[in-house]
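Each value in this text was obtained by applying a stated rule to the coordinates, not by laboratory testing. Since the model is a prediction, treat every value here as computed from it, not as a measurement. Here the Cβ positions follow ideal geometry from the backbone for every residue, glycine too, while neighbour counts run over all protein chains shown.
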Amino acid sequence: MEELVRYFGTAEGRVQGVGFRMFVQQHAMELGLTGWVRNMEDGSVTMEIQGRQEKIDRLTDFIRQGNFFIRVSSLSLESRSVLPNEDRFVVRY
């Protein structure tokens, strides 16, 4: 089994009020990733994503691509320690 990795990410752009958190959650769940996503007061969205690197790379491609409503101007990722018992991807409020 491939080693799990975890990242803390910040997305900026048109990422609030456009279904961005559900978009990230849906793609993360389809890819079998765990973690969370949350709106911030400054208009950005933060997240932690955990799983196999190739799956995280696919998710970040989806995020950067966006959709008709979502426009991501920047996405930064920082490595974090893996959480061993995490089993789902949730939207935090």
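Computed from the C-beta positions of R80 and V18, the FRET efficiency with R₀ = 30 Å rounds to 0.70. Spin-label model, V5/Q26: points 7 Å from Cα along the beta carbon direction are separated by 2.7 nm. Both the radius of gyration and Dmax for the chain are 12.2, 39 Å, in that order, over alpha-carbon atoms.
Would you work out the charge dipole size for the chain about its Cα centre, treating the Cβ of every Lys and Arg as +1 and the Cβ of every Asp and Glu as -1, and quote it to the nearest 20 debye? Write out the running numbers ahead of the final one.
Values: 12 positive and 13 negative charges, 54 e Å.
The dipole magnitude comes to about 260 debye.
The stretch between E54 and N67 holds 2.6 nm of extra length on full extension. This uses 0.36 nm per residue minus the Cα-Cα distance.
Return the tail of the calculated pair distribution for the stretch 37-77, meaning the percent of Cα-Cα pairs more than 11 Å apart.
Details: 569 of 820 pairs.
Summing the P(r) tail past 11 Å for the stretch 37-77 gives 69 percent.
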